[in-house]
Every structure is written in structure tokens, then in C-alpha cells.
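See structure below.
The values are calculated or read from the model by the stated rules, or taken from the named source; none is laboratory data. As the structure is a computational prediction, the values presented were derived from the model and not from experiment. Here the Cβ positions follow ideal geometry from the backbone for every residue, glycine too, while neighbour counts run over all protein chains shown. Quick note on the areas: whole protein, heavy atoms, side chains included, nothing else; ligands and nucleic acids left out. Shrake-Rupley method; radii C 1.70, N 1.55, O 1.52, S 1.80 Å.
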Amino acid sequence: MGISGAGSAVAHDADRGTFSVLGWPVVCFESFHRVELPRRLEGGLGERVAWDVAGRAPIALCMPDGQAYSYVEDRGEVRIVPGVSADAELVVELESGAWQDYLYELRTSRGLVESHAVRFVRGEFADWDVWEPAIRCMYSGTPIYHPETLDLRDLADRPIDLHRDFTTRDEPDDMAHFLRATGYLVVRQVFDADRVEELAGEVDRIRGLCREGDRGSLWADGPNGLRSPYRLTYLGMRSPRIAALADDPTVRMLCGLAGQDVVAVTDRDSGQIAVLKEFGTAPEPLSIPDLPWHKDCALGGCPVTCPRVHVGIRLDAVSQDSSQLYALAGSWGTVAHERYTPAQWENLPVVGITTEPGDVTVHMGCGMHAGPAATGTARRRTLYVQFDNPRIFDVTNPYETYEQVIPGYGSGDLLTMSRM
């Protein structure tokens, strides 16, 4: 499926998304691995990561000058071993600056690969996911998502009903607790039919003005060779009505339930966006590629862009027939694996969110979520009002996303990691 749009093009060799430009201190690769990381592991961090890599082959990170260290799980403990372990299935070479960005979570393993910052001496990208959550926990302290021990409870200490929904008449404390525990929230009948019609009219008006290649739309092939936009971006820059949603009292209240220090973005990070799934007379969808499981900070930048809070206004009914939003309960604020076996997915707390026009969802951008293919012909238009970490304004210029300031991202032959 071909995808294009100037809004998705990224700058070449940008450097604003790096530790050095942010003024963060240089960490010595050798002393970190010889002294600091072993100290952390012995201080209790080892117990937080060893369970996730139990029985896994070692991974090794090395510098072009030959410095190398292996991460080894051994009988319930993680050890840092100088050099490249003979049984390491993955050996990755990267420059010092790229490792610093990895250390600071300004780039993930996916971000390093997509920006052409690593060389695989042994193994391939798929092998990295085995150790990625553990490494990021060792580096930053971000906990690993552990669904087997997940115990989400409400304010009355009862197990949370993951399919529960709310209205604006419910207790704000209950709504806030649910959102902060699960990473998502469904609120029914927030906007009346007239308001939905007004907002849908604005989305349709802007969609009618879009031309492939412009800044504010991303396009994809349909099954019959037709092309249409699947996402409209920076809508607030073209519609005062949509821009005003960032200050709408109800939208602000719902965003505030997350309890995060965030600001509305109109000219950064795609601004207010509309996600479209359009259908013609044929039963096949005409646009939007499937959106696999991901976090919005999948390439990196979590300390700069997150928390992200998305307030989604449903302009059409959203169900499996129109590609509903799926969320992995309790995954936000953690490092989760991107790869699970079909059997593992069956046992994960995956929630498909079904909504009607006027309903609103709130979800955390750094929680695992997805928008898989529709199985029916129903149209979908969802308008998202996005709130980001205020630091996004320190790193990006107008009409930029964080991905556009990662060095090297988009240069050369861009890898499509969702297919790997």
C-alpha cells in the first residue's frame, strides 16, 4: 500500500532531537557499563528486569573503536560482561552519540534503526525486542509492562471493569482514576448532534480542499487503485472552530483527568488531527493503512514529547466494522514489547473501544494502542485534540513532529519497521 504526503516527509540530518543540543551531560560508555550499571543492578534493578529476559540469549552493544559490553541473563540475574559474548544472538554497533540518545530515551531501538544509526554485526532488528524493555528499564528506570502481575483496581479496591464507560455526570475522581490506571477512558454523549454535525462539516470541508502532496494530509492507495487521505493534520490552523476545541471547557476537563502537565498543540506534532476511513460503493475500504500496535513515542523522545493526552471526538459510530481503537490496558508509562505471539495476545488485556457520534475517548499516547483493519463498510471520522509535554516547543519548529528532528531519520532507504 503506497503512502505519501508532505505532512509525513521528515527533515534530513536534523539534530535538535539529540542529547547534545538539549544540553544533557555526556555519559562515558565504558564507566557506565563497568561501574554505574552494575551498581544499579545490584541495588535492586536486577530483580525488576531479570524476569523479562529469563532464558534469553545475551545481547552486545559495541562502539566502532572496539569497546563492547554484553548484557547477560544468568540464573535469575542480569550481568554486564566486557566484550562480545560468544553466545550473543544480537550484536549491534553504534556511534557514541547514538548510544547517548538511546541512554536518554531520545531514540528507541526502532528509532536508531530507522535513522540508520546502527550496524547489525550479528542478528537482526527482531532480536532487539527481546532485550529492549529490560535495557530501557536499566537505563531510565521506566518499568517493564508485566501483564501477568497487572492488578488494576478502582477507588473502592475492586477489580476494574476494563470495558466500563462514563458520562460527564460521573464522579471526576472515578474517571481520573480509571484513566490513570488503564491509559484510556470512554465518555458517552459529550457533544450533541448539532455540535457533531458542525465539527464533521469542518472536517469534510477541509478534506475537500486537500490535494495529495500538501502539508496537511497523508494519502494511501485503496484496493481499486484509488487514493484518498487517511489523516488530516494541523486542522486548527485551517479552522477556528476546531482550534477552539483546545480551550473548550469540556475538552479541557477531560484532558485534566489525566493529571499531567501538558499543553495544547496546534502547530506542532501534527496539531489537531482527523483520522479518516472512507468507503465508496464497493465494500472495501478506500484508505488508511492498518495502524499496528505502537506507542506515539515508538521512535524515541519520550522525555520530550510525553506525556501525550489525546481527546478523541467521535463524528461517526466506531466499531470493528469501521476500525475501532484498541488499547492495551495498563501499558502507558511502561516499556512494553512490540512483539507477542498469537497465544500471548489471547491472554493480554486488549480492549476494543466501541463508540457512537458525540462520544469522546481520552487515551495516553505512550500507552500501547492500535487501529487494525475494518471488517465492514462503515465510515469513520474521528477528530483528535492533542495535548503534549511543553518541551515539544523547545525542540520542534512550527509544522514539525519530533521524528523530524531525529538525525538521519528519513534519509536514504527508510525501513518500514511495522513489516519487520
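Observations on the model:
- Annotation: for a label point projected 7 angstrom from Cα along Cα→Cβ of residue 87, no residues of the stretch 134-171 have a backbone N closer than 11 Å.
- Note that the stretch 112-119 has calculated 3J(HN,Hα) couplings of 5, 6, 5, 9, 6, 9, 9, 10 Hz, one per residue in order, obtained from phi through the Karplus relation 6.51 cos²θ - 1.76 cosθ + 1.60 (θ = phi - 60°); glycine and proline are x.
- Along its principal axes, the chain has C-alpha extents of 65, 52, 41 angstrom, given from the largest down.
- Residues whose placed amide H lies under 5 Å from that of residue 122, excluding near-sequence neighbours: 91
- For residue 106, the residues whose modelled amide H falls within less than 5 Å of its own, excluding neighbours fewer than 5 places apart on the same chain, are 301.
- The stretch 38-153 shape via C-alpha gyration tensor axes, a/c threshold 1.5: prolate
- The shape of the stretch 70-136 can be summarised by an equivalent ellipsoid whose semi-axes, obtained from the alpha carbon gyration tensor, come to 20, 13, 11 Å from longest to shortest.
- Rounded, prolate or oblate (a/c below 1.5 giving rounded, otherwise prolate when a/b exceeds b/c) for the stretch 220-378 by Cα gyration tensor: oblate
- Karplus 3J(HN,Hα) series, Hz, for the stretch 79-92 with 6.51 cos²θ - 1.76 cosθ + 1.60 (x for Gly, Pro): 10, 9, 10, x, x, 9, 4, 4, 9, 5, 7, 10, 10, 10
- Under the Karplus curve 6.51 cos²θ - 1.76 cosθ + 1.60, θ = phi - 60°, whole-Hz ³J(HN,Hα) for the stretch 172-184, x wherever Gly or Pro sits: x, 5, 5, 5, 5, 5, 4, 4, 6, 7, 8, x, 8
- Rolling a 1.4 Å probe over the heavy atoms of the protein chains gives the chain an accessible area of 43 Å² per residue.
- Accessible surface of the chain [probe 1.4 Å, protein heavy atoms]: carbon and sulfur percent: 49
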